[in-house]
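The values are calculated or read from the model by the stated rules, or taken from the named source; none is laboratory data. This structure is a prediction, so every number in the text was calculated from the model and none was measured. A quick note on method: Cβ atoms are made from the backbone with ideal geometry, for glycine too, and the neighbour counts reach across all protein chains shown. Note: accessible area is taken over every heavy atom of the protein model, side chains too, but ligands, DNA and RNA are not part of it. Shrake-Rupley method; radii C 1.70, N 1.55, O 1.52, S 1.80 Å.
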Amino acid sequence: MTKDGRKQQAAADLRLREVLRVPRGEQIDLGAYDTRTAYDPRTGPGPKDKSAGLKDTARMGKRLAELQERLWAAGTTGDVRRVLLVLQGMDTSGKGGTVKHVVGLFHPAGCRVKGFKVPTPEEREHDFLWRIEKEIPRPGEIGAFDRSHYEDVLVPRVRALVPREEIERRYDEINRFEQRLADDRVTVVKCFLHISPDQQRRRLLRRLDRPDKRWKFSPSDIDDRALWPAYQEAYEIALHRCSTPHAPWYLIPADRKWFRNWAVARLLLEHLEALDPRYPEPDYDLEECRKRLLAH
């Protein structure tokens, strides 16, 4: 086998669902890049250079689109299965970019994309999951959340907006909620986009430097940087408490945008291939319809 052939075979054998999964019950240290238990925001299994990563992502796009069409078609005839991609991460980690470059590989008719911002007054009158449940993808759809129900155990914890006992209750409620989704045949793919503080600084500076990026910048982004250790701890707890067999967390190295997009696309591909949706069989007589068409 040639060198290129060996590389292709190694990529085919790679299972990101196993490699990037946060083990259940494992304590996470997002800042310890140089230890055996490190989660490095820059490197990960898969393509080692941008050219190979972009090429493989484009190749996966065709297969992803095919599987999405099959899922969508099956949903029109009673198959209730659907997929929900949950994207979480610090500012500039690439949640929106992932939606654009990965979810953008799918046909928009079969997708449901929702970004969750600060709760509105109406949303605050309900349980924190109320606004989330309204946006769950329908049968046959692929949904994507740019931020999600996890915001309600991150920001409130860091900024002490609700009592700590309430935060503790929410972890358990999230696990029960995601179990209900799994029972309803929703495949939940939760991706934490792991970015380093140095890379975030570079991206925030780029937003200030480029007129076409300044609309994405907010002075509050600087305030949140001052709380970086607290946010990392909040994420570590959420990953530890809410990585379950029915809805595990996947930790995505996000310092390199091309690798981030490749990894999320590959995860979605592995999950869709495991679902193996099929086109529904016609409920009409093929030969009869063919004869009628040929007669007119």
From Arg256, Arg260, Arg241, grab the single residue that is of a type in the set (Lys, Arg), under 23 Å from Asp29 (Cβ atoms), touching a residue at least 60 places away in the same chain (Cβ under 8 Å) and in contact with a Leu (Cβ under 8 Å, 6 or more places away or on another chain). Arg260
Subset of the stretch 78-102 [more than 18 Å from Ala238 (Cα to Cα), of a type in the set (Gly, Ala, Ser) and either in a strand (DSSP E or B) or open to solvent by less than 30 Å² (accessible area, probe 1.4 Å) (or both)]: Gly94, Gly97
Based on this model, can you work out whether Thr43 counts as within 30 Å of Pro229 (Cα to Cα), β-branched (Val, Ile, Thr), assigned to a loop (DSSP other than H, G, I, E, B) and open to solvent by less than 40 Å² (accessible area, probe 1.4 Å)? no
If a residue must be open to solvent by 70 Å² or more (accessible area, probe 1.4 Å), farther than 12 Å from Arg278 by Cα and touching a helix residue (DSSP H, G or I) at 6+ places or on another chain (Cβ under 9 Å), how many such residues does the stretch 57-77 contain? 2
